[in-house]
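Single-structure report; data block below.
The values are calculated or read from the model by the stated rules, or taken from the named source; none is laboratory data. Computed from a predicted model, the values in this text were never measured in an experiment. Glycine gets a Cβ as well: all are built from the backbone with ideal geometry, and neighbour counts include every protein chain shown. Keep in mind that these areas ignore ligands, DNA and RNA; they rest on the heavy atoms of the full protein, side chains included. Shrake-Rupley method; radii C 1.70, N 1.55, O 1.52, S 1.80 Å.
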Amino acid sequence: MAAAGSTQGNRPPRRAAARWWTPPANAASLSGWPLLPLRAFIGGTFLFAGLQKLANPTFWNAASPSGIKAQLEASARVSPVHAILSHLISLSTPIGVSIAIAEIAVALGLLVGLWTRLAAVGGALLSLTLFLTVSFHSSPYYTGADIVFFFAWLPFIIAGAGGVLSLDALLAARAPAPVGERTIDRRKALVGTAALGLVGAGAVVGISRLVGGAKLPAGGAVADPATPATTAPATTAPATTTPAAGGGSTPAGKAIAEASAVPVGGSLGFTDPQSGDPGLIIQHTEGQFVAFNAVCPHAGCTVGYAQNAKLIVCPCHGSEFNPETGGLVRGPAPHGLSSIPIAESSGGELFVDG
């Protein structure tokens, strides 16, 4: 018994049972370094997105089809939370500023590794909000980036920066510093990071204003794409002008504009009286008008006519449509634009929905 007892007494101490929630000693290196490329990409992307909004004057232009007001109006038509968004359109500018500042804040938090989990929660909420308002109807769903960004934030909510190249790790390492040694306070680090972000954002906005921003062409048109696509065969019947019903001088439908307001070869935006959606009129040649519902079927953004390229273009995701038929030229839109009946009266007025 003594021998057995001595043998048992010489055994190494029993190791504590492993628990699934207990991270290994090198958990930081296991999670931090592999996540570093994703951290740099997401942080850089959100930083660029926030600065781009602040520096782009068309984003704040209520008449721009790519502006925050137009995007909110488009989202209010197709979003599952449209009942909420419809009441926020009048607040489009402060909402846009808030989104831009939030994108810069979460990007800086992730890039420098300061309160990384909190920054990741904010980034995930931003991505989820943009998914529900902007890209909810992207088809297939994986063509919308917001849902992908939402899930890309989750590893940082779980693991933080992983202790790699982060202020969080530096602050934790210096917490038990000897008496008299200078330490880094989290509040000081936060204030310094915020100040750096404000100075950088201000510099970007100032430079963009000095250089000059893009101006929206007249008639609601958008800038020509760099490499115009070849127009595909027509898939939708064109909505050309028709004579007045019964030979009278006034066509059926509702008057929306003077024909002279649409330049030959140009376009004019209007609100469709029947649906309330934005519409687009194009006069290809003298007296030949076509009209389309200007809501892009991909994510609800308002399209515009690129006159030089002779394409209808969505400014949000790059879909292109045939300006004569509304047919789809290039996605990601799943189909072409809906045509709207249009007619010119003998008095030179344009009537739609006749």
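May I ask you to list the residues in segment 141-168 that are part of a helix (DSSP H, G or I), open to solvent by less than 50 Å² (accessible area, probe 1.4 Å) and over 30 Å from Pro334 (Cβ atoms)?
Of everything in segment 141-168, those that are part of a helix (DSSP H, G or I), open to solvent by less than 50 Å² (accessible area, probe 1.4 Å) and over 30 Å from Pro334 (Cβ atoms) turn out to be Pro155, Phe156, Ala159, Leu167, Asp168.
Within segment 15-36, can one find any residue that is basic (Lys, Arg), closer than 30 Å to Leu167 by Cβ and at pLDDT below 80?
Yes: one or more hits.
Among the residues of segment 108-143, write down those that are within 18 Å of Gly162 (Cα to Cα) and of a type in the set (Ser, Thr, Tyr).
The answer is Thr116, and nothing else.
Of these, Ala107, Ala159, Ala74, Ala55, which one is within 16 Å of the chain's Cα centre (by Cα), within 22 Å of Leu35 (Cβ to Cβ) and in contact (Cβ under 8 Å) with a residue 40 or more places away in the chain?
Ala107
Can you pull out every residue in segment 263-293 that is hydrophobic (A, V, I, L, M, F, W, C) and farther than 21 Å from Gly336 by Cβ?
Val264
Could you please give the count of residues in segment 74-94 that are buried (at least 21 other Cβ atoms within 10 Å of the Cβ) and within 18 Å of Gln52 (Cβ to Cβ)?
Going through segment 74-94 one residue at a time, the tally reaches 0.
Scan segment 33-73 residue by residue and report those that are open to solvent by 40 Å² or more (accessible area, probe 1.4 Å), small (Gly, Ala, Ser) and part of a helix (DSSP H, G or I).
Within segment 33-73, Ala40 is the sole residue that qualifies.
Would you tally the residues in segment 336-349 being of a type outside the set (Gly, Ala, Ser) and open to solvent by 60 Å² or more (accessible area, probe 1.4 Å)?
3
Which of the residues spanning segment 294-310 are surrounded by fewer than 21 Cβ atoms within 10 Å (Cβ to Cβ) and either within 23 Å of Tyr141 (Cα to Cα) or of a type in the set (Gly, Ala, Ser) (or both)?
The one that is surrounded by fewer than 21 Cβ atoms within 10 Å (Cβ to Cβ) and either within 23 Å of Tyr141 (Cα to Cα) or of a type in the set (Gly, Ala, Ser) (or both): Ala309.
When segment 95-123 is examined, which residues are found to be open to solvent by 30 Å² or more (accessible area, probe 1.4 Å) and under 19 Å from Asn61 (Cα atoms)?
Listed by number, the residues that qualify are Ile95, Val97, Ser98, Ile99, Ile101.
If we scan segment 169-186, do we find a residue that is open to solvent by less than 60 Å² (accessible area, probe 1.4 Å), outside any loop (DSSP other than H, G, I, E, B) and either closer than 28 Å to Ile95 by Cα or at pLDDT 80 or above (or both)?
Yes; the residues of segment 169-186 include at least one that is open to solvent by less than 60 Å² (accessible area, probe 1.4 Å), outside any loop (DSSP other than H, G, I, E, B) and either closer than 28 Å to Ile95 by Cα or at pLDDT 80 or above (or both).
When residues of segment 261-293 are filtered for being under 25 Å from the mean Cα position of the chain (by Cα) and either among the β-branched types (Val, Ile, Thr) or surrounded by 17 or more Cβ atoms within 10 Å (Cβ to Cβ) (or both), how many remain?
9
Which number in (1) in a loop (DSSP other than H, G, I, E, B); (2) buried (at least 17 other Cβ atoms within 10 Å of the Cβ); (3) of a type outside the set (Gly, Ala, Ser) marks the one condition that Leu126 misses?
Tallying (1) in a loop (DSSP other than H, G, I, E, B); (2) buried (at least 17 other Cβ atoms within 10 Å of the Cβ); (3) of a type outside the set (Gly, Ala, Ser), Leu126 fails exactly one: (1).
Just to verify a result, which residue in segment 304-336, among those that are assigned to a loop (DSSP other than H, G, I, E, B) and among the charged types (D, E, K, R), is farthest from Gln283 (Cα to Cα)?
Top of the filtered list is Lys310.
Mind checking whether some residue in segment 286-303 is touching a Gly at 6+ places or on another chain (Cβ under 7 Å), modelled with pLDDT under 90 and in a strand (DSSP E or B)?
No, there is no match, as no residue in segment 286-303 is touching a Gly at 6+ places or on another chain (Cβ under 7 Å), modelled with pLDDT under 90 and in a strand (DSSP E or B).
Could you tell me which numbered condition Ser319 fails, if it satisfies all but one of (1) at negative phi; (2) surrounded by 24 or more Cβ atoms within 10 Å (Cβ to Cβ); (3) out of contact with any Gly (no Cβ under 9 Å at 6 or more places or on another chain)?
Condition (3) is where Ser319 drops out.
With among the aliphatic types (A, V, I, L, M), touching a Leu at 6+ places or on another chain (Cβ under 7 Å) and open to solvent by less than 50 Å² (accessible area, probe 1.4 Å) as the only criterion, which of Val352, Val313, Val329 stands out?
When all the criteria are applied, what remains is Val329.
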